[in-house]
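Structure first, commentary second.
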Amino acid sequence: MQRRTFVTATAATAATLAAPMLRAQTLPNGPVRIVVGFAPGGGTDALARLVGQKLQGMWNLTVVVENRAGASGVIAADMVSKAAPDGNTLLMAHINSHALAPGLMPKLGYVVDRDFTPLTLVGVTPNLLICNNDQPARTVADLVAQCKANPGKVTFGSAGQGSAQHLALESFKLAAGVFALHIPYKGSGPMLTDLMGGQIGYSFDTMTAATPHVKSGKVRAIAQTRAKRASGHPTVPTMAESGFPGFEATTWYGLVGPGKMPPAMAQRMNEDINKVLAMPDVKEKLDLYGAEDGGGSAQQFADFIRTEQVKWSKVIKDAKVTIDS
């Protein structure tokens, strides 16, 4: 009787001691870096820092954001796709790297479904059609008239060739029947600097990156590109309300790891990122940036990525968009 009690007690004690150890094994050993495929100051960078700061406190691990700008996020994605699947390297995935690049770059160095482990969708945002304060347009109709009066001379910046902002511009050009000049940058940050400085006139930039400058009055918002108005910009009309029914061009962000991450670690990360997204101060900032509909399961995020790939592959084909790869 005493032996049975001792064995039972010993087993219970071992299980109690093992529980924290097993839980700890669902987190990486050592610092975590969240790689961002754009320069500091853009929307992807802002969201990565917001989420990373909260995860650092939750995990009691150092979480840093590493900017690897270039090729509209593809350079960063390619690097993470080849990283060890130990959780120490994550990517703030973006519509550019995971939905647009597969349709734009036949020689892409990674396969999205194979080389990444989806964790959690962080948010979907409209793009904001913005301009510097010296531009004459106050409405989309004004902008169309300006483009038609000055074909090829009205400039639009983007985060890069083949980026979501670039494709939003191409969609607008097709819908409005205008010709405008596209100026690609290595991310929203440097593009916004030139926009505010007057070197370029307009952009369909991410709401995440553009919002602080709109709120400060440094740039002007003309329209937004989702079917409904974002709660953070209730007075800015949609493109549909501005005479372009059905026009929708969003940008989205989500955390992924390299392919073949341990399922238990991926599940733990999904749960913790969902907890971060539900924090009141994080929700407040997401609302300000127009980042909505984040969270959910890893499978939901994987399904969303596949749907986006199909949608944008058709747009790329119909608009005959090509880039150097």
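The values are calculated or read from the model by the stated rules, or taken from the named source; none is laboratory data. Worth saying up front: this structure is predicted, and the values here are computed from it rather than measured. Cβ atoms come from the backbone with ideal geometry, glycine included; neighbour counts cover every protein chain shown.
Kindly indicate the residue of the stretch 165-193 that is among the small types (Gly, Ala, Ser) and closer than 17 Å to residue 41 by Cβ and also modelled with the lowest pLDDT among those meeting that condition.
Filtering the stretch 165-193 for residues that are among the small types (Gly, Ala, Ser) and closer than 17 Å to residue 41 by Cβ, the one modelled with the lowest pLDDT comes out as 187.
For the stretch 52-149, which fully contained strands (runs of 3 or more DSSP E) count at least 2 residues that are surrounded by 24 or more Cβ atoms within 10 Å (Cβ to Cβ) and touching a residue at least 24 places away in the same chain (Cβ under 8 Å)? Give the derivation first.
Working: elements: 63-67, 89-94, 116-132.
It comes to 89-94, 116-132.
Mind counting the residues in the stretch 290-325 that are within 19 Å of residue 106 (Cα to Cα) and touching a helix residue (DSSP H, G or I) at 6+ places or on another chain (Cβ under 6 Å)?
9
Out of (1) on the phi < 0 side of the Ramachandran plot; (2) surrounded by 19 or more Cβ atoms within 10 Å (Cβ to Cβ); (3) small (Gly, Ala, Ser), what's the single condition that is false for residue 278?
For residue 278, the failing item is (2).
Among the residues of the stretch 102-143, write down those that are under 23 Å from residue 211 (Cα atoms) and among the hydrophobic types (A, V, I, L, M, F, W, C).
121, 122, 124, 128, 129, 130, 131, 137, 140, 141, 143
Looking only at the stretch 230-270, which residues are under 22 Å from residue 288 (Cα atoms) and of a type in the set (A, V, I, L, M)?
230, 236, 239, 240, 249, 255
So for the stretch 227-242 (the condition being under 28 Å from residue 64 (Cα atoms), surrounded by 14 or more Cβ atoms within 10 Å (Cβ to Cβ) and out of contact with any Leu (no Cβ under 8 Å at 6 or more places or on another chain)), does at least one residue qualify? Give the steps one after another, and end with the answer.
Let us first name the residues in the stretch 227-242 that are under 28 Å from residue 64 (Cα atoms), namely 232.
Still in the list and also surrounded by 14 or more Cβ atoms within 10 Å (Cβ to Cβ): 232.
Of the ones still in play, those that are also out of contact with any Leu (no Cβ under 8 Å at 6 or more places or on another chain) are none.
So far as the stretch 227-242 goes, no, none of its residues is under 28 Å from residue 64 (Cα atoms), surrounded by 14 or more Cβ atoms within 10 Å (Cβ to Cβ) and out of contact with any Leu (no Cβ under 8 Å at 6 or more places or on another chain).
Which residues, taken from the stretch 283-301, are surrounded by fewer than 19 Cβ atoms within 10 Å (Cβ to Cβ), in a helix (DSSP H, G or I) and at pLDDT 95 or above?
Hits for the stretch 283-301 are 283, 299, 300.
Any idea how many residues of the stretch 268-325 are under 12 Å from residue 122 (Cα atoms), in contact with a Gly (Cβ under 9 Å, 6 or more places away or on another chain) and of a type in the set (S, T, N, Q)?
Of the residues in the stretch 268-325, 2 are under 12 Å from residue 122 (Cα atoms), in contact with a Gly (Cβ under 9 Å, 6 or more places away or on another chain) and of a type in the set (S, T, N, Q).
Identify, please: which residue in the stretch 302-325 is part of a helix (DSSP H, G or I) and among the hydrophobic types (A, V, I, L, M, F, W, C) and is, among those, nearest to residue 56 (Cα to Cα)? Reasoning before the result, please.
Here is the first cut: in the stretch 302-325, the residues part of a helix (DSSP H, G or I) are 302-319.
When the remaining residues are screened for being among the hydrophobic types (A, V, I, L, M, F, W, C), the result is 302, 304-305, 310, 312, 315-316, 319.
Details: 302: 25, 304: 27, 305: 26, 310: 35, 312: 34, 315: 39, 316: 38, 319: 42 Å.
Restricting to residues being part of a helix (DSSP H, G or I) and among the hydrophobic types (A, V, I, L, M, F, W, C), the top hit is 302.
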